[in-house]
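Here's the structure, in structure tokens; my notes come after.
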Amino acid sequence: MLVVSLEDGQVAGTIGLEEGEGPSALLIRSLCIEEGRRSYGAGSEAARLLLRAAFTSDFRTVRAWAPGERGLALYFWVRMGLRPLHGEGPDGGIWLERRRAE
């Protein structure tokens, strides 16, 4: 999925998605904003819009993964309302999860 800047209509980054465990779970594999467009809120806005769309559709759970060597990724997803799950994720990283409010 492409992240497109509303300001100039240019591609600002990509989001990698797949269906998670169970039919009502969405897995965010990656959210990557191009280097020259970072630090301006594009990633946060893309994540907010994605979470809103997921929870207004049939998804009840959204998960994301933060690599072990990238503390900023963990901090980013926590700011977006996801909570770390217990235990180690793939490649020494950590899984984070947010559930739709019922």
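Within the stretch 1-28, being within 12 Å of the chain's Cα centre (by Cα) and free of Cβ contacts under 8 Å to residues at least 12 places away in the same chain holds for one residue alone: 18. Among the residues of this structure, residue 50 does not count as one that is farther than 14 Å from residue 15 by Cβ and of a type in the set (A, V, I, L, M, F, W, C).
Restricting attention to the stretch 11-27, which residues are out of contact with any helix residue (DSSP H, G or I) (no Cβ under 7 Å at 6 or more places or on another chain) and closer than 26 Å to residue 86 by Cα? Give the derivation first.
Taking the stretch 11-27 first, the residues out of contact with any helix residue (DSSP H, G or I) (no Cβ under 7 Å at 6 or more places or on another chain) are 11, 14, 16-25, 27.
Matches in the stretch 11-27: 16, 17, 18, 19, 20, 21, 22, 23, 24, 25, 27.
All of the numbers you see were taken from the coordinates with simple rules; none came from a lab. This structure is a prediction, so every number in the text was calculated from the model and none was measured. Because the Cβ atoms are built from the backbone with ideal geometry, glycine has one as well, and the counts that use them run over all protein chains shown.
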